[in-house]
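In what follows, a structure is listed as structure tokens, so that the remarks can point back to it.
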Amino acid sequence: MTTDMEALLTALYVKVDDEIGGTRWMGTPPLLSDSELVCLSVAQALLGYHSEARWLRYANKHLSGMFPYLPLRPG
């Protein structure tokens with residue numbers, strides 16, 4: 001992944017995280033935050049992945065350093 005995409009995802013994460021505000025959940029905290037989910041969705045669209053299974057394979061290989069948790073299967 002290029003540094004441009006990394007910079008875009010970092011900026012998007014910061015913006016979304018600032019706009020959403022505090023975390024709102026009961027019970028066990030989610031493994032993937034709302035900000036991370038939005039960033040992954042935007043990256044999937046920008047990189048042109050239509051298949052969620054292919055996207056997750058790509059993300060696990062190339063984006064695992066940016067996101068502490070990535071699901072292994074679509075769902």
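For the range 35-51, check the following and say yes or no: at least one residue is of a type in the set (A, V, I, L, M, F, W, C) and either part of a loop (DSSP other than H, G, I, E, B) or touching a residue at least 60 places away in the same chain (Cβ under 8 Å) (or both).
So far as the range 35-51 goes, no, none of its residues is of a type in the set (A, V, I, L, M, F, W, C) and either part of a loop (DSSP other than H, G, I, E, B) or touching a residue at least 60 places away in the same chain (Cβ under 8 Å) (or both).
Tyr49 - would you say it is of a type in the set (Ser, Thr, Tyr) and over 12 Å from the mean Cα position of the chain (by Cα)?
Working: of a type in the set (Ser, Thr, Tyr): yes; over 12 Å from the mean Cα position of the chain (by Cα): yes.
Yes: the conditions hold for Tyr49.
Values quoted throughout were computed directly from the atomic coordinates according to the rules given, and no laboratory measurement underlies them. The shown structure was predicted, so the numbers you read here are calculated from the model rather than taken from an experiment. Here Cβ is always computed from backbone atoms with ideal geometry, including for glycine, and neighbour counts include all displayed protein chains.
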